[in-house]
Amino acid sequence: MFKSTLQRIPGARLLIRLFRRLARPGRFLVWHTPHEPFRSNLIESAREEFGPPFLDIASGTRRLGPDFLNLDLNPNSQVDVLGDAGDLPFRSDTFGLVWLEAALEHVPDPVSVVAEIDRVLKPRGWVYVEIPFMQGYHADPGDYQRFTIEGLKRLFHSFEIEWIAPCSGPASAFCYSGASFFATLFSFHSRWLYKIWFHYVFSYLFFPLKFLDRILIAHPEAHRTAFGYALLARAKSCEDGGDVFP
């Protein structure tokens, strides 16, 4: 009742959202390379070359744009299709662009997911992927693996990889690990104390350091301790020797 009344006040929703983020700074310990204008440029290129629809796998509550179909295991107002990334409920050669952000670490069989992306992409279609590297364990509902740059190249060997680069750098990794370390040190084997220390004390102390990634992420050795990587690749055409699916 109080919440619904408060939300009618102009600007109240923005204040509520800001309070939620400030109350749990552990949720934004990570500096991320800006999606714009990269995202809009990639979408526009895919729109000109292939036309919609595009696919966002494990979309959660985000909506990248009107051209995207959102697929997720869990229903919410932004999900269009309920489905498993390892068994996509779409015909082959359907999408000109597939977006996969912060999802591959949560699937038990990433090889099958990548094979399914290859199947549903049109020849020469784009795939954009983000995956953590130096991030701590975070089950949603499971957390199964991390990949180095070499591991990502091997996983996407059937694609033409345009580039792989850190999307969150060593400063973000240091902030996340540092807050977790001190929360572990001072929680005395208590999970409850760990959460208090991590979310409400050490995250406040560490999160300003994440902005160093604006500089550090361009360092040639930043990939060694990056918080996460991004990958952009294209599906091969049949003439290129790409896998052929019925």
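Data overview
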| read-out | value |
| --- | --- |
| Any hit, the range 142-151, residues being more than 27 Å from Ala222 (Cβ to Cβ) and surrounded by fewer than 16 Cβ atoms within 10 Å (Cβ to Cβ) | yes |
| Selection status of Leu193, farther than 25 Å from Ser237 by Cβ, part of a helix (DSSP H, G or I) and under 21 Å from the mean Cα position of the chain (by Cα) | no |
| Residues (modelled with pLDDT of 95 or more, in contact with a helix residue (DSSP H, G or I) (Cβ under 7 Å, 6 or more places away or on another chain) and among the small types (Gly, Ala, Ser)) located in the range 192-236 | Ala222, Ala226, Ala235 |
| Some residue of the range 120-140 being touching a strand residue (DSSP E or B) at 6+ places or on another chain (Cβ under 6 Å), more than 28 Å from Ala179 (Cβ to Cβ) and not in a strand (DSSP E or B) | yes |
| Cβ pairs under 6 Å, 6+ apart, first in the range 167-180 and more than 7 Å from Val30 (Cβ to Cβ), second outside any helix (DSSP H, G or I) and aromatic (Phe, Trp, Tyr) | Ala173/Phe227 |
| Any chance Arg91 is part of a loop (DSSP other than H, G, I, E, B), charged (D, E, K, R) and either more than 22 Å from Lys122 (Cβ to Cβ) or in contact with a strand residue (DSSP E or B) (Cβ under 6 Å, 6 or more places away or on another chain) (or both) | no |
| Members of the range 152-166 that are exposed (fewer than 15 other Cβ atoms within 10 Å of the Cβ), in contact (Cβ under 8 Å) with a residue 24 or more places away in the chain and either over 30 Å from Val113 (Cα atoms) or more than 19 Å from the chain's Cα centre (by Cα) (or both) | Glu160 |
| Neighbours by Cβ (under 6 Å, 6+ apart or cross-chain): first from the range 190-217, buried (at least 20 other Cβ atoms within 10 Å of the Cβ); second among the polar types (S, T, N, Q) and assigned to a helix (DSSP H, G or I) | Lys210/Ser172; Asp213/Ser172 |
| Hits in the range 196-238 (condition: assigned to a loop (DSSP other than H, G, I, E, B) and touching a strand residue (DSSP E or B) at 6+ places or on another chain (Cβ under 8 Å)) | Ile217, Ala226, Phe227, Lys236, Ser237 |
| Pairs where the first residue, in the range 24-37, is at pLDDT 90 or above and the second is of a type in the set (Lys, Arg), C-beta under 7 Å, 6+ apart | Val30/Lys210; Trp31/Lys210; Trp31/Arg214 |
| Qualifying positions in the range 33-84 - aliphatic (A, V, I, L, M) and not in a strand (DSSP E or B) | Leu42, Ile43, Ala46, Ala58, Leu64, Leu73, Val79 |
| Options Pro75, Pro110: the member that is more than 26 Å from Ser40 (Cβ to Cβ) and either exposed (fewer than 15 other Cβ atoms within 10 Å of the Cβ) or touching a Cys at 6+ places or on another chain (Cβ under 9 Å) (or both) | Pro75 |
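The values are calculated or read from the model by the stated rules, or taken from the named source; none is laboratory data. Given the structure is predicted, the values throughout are model-derived calculations rather than measurements. Using ideal geometry, Cβ is built from the backbone for each residue, glycine included, and neighbour counts are taken over all protein chains shown.
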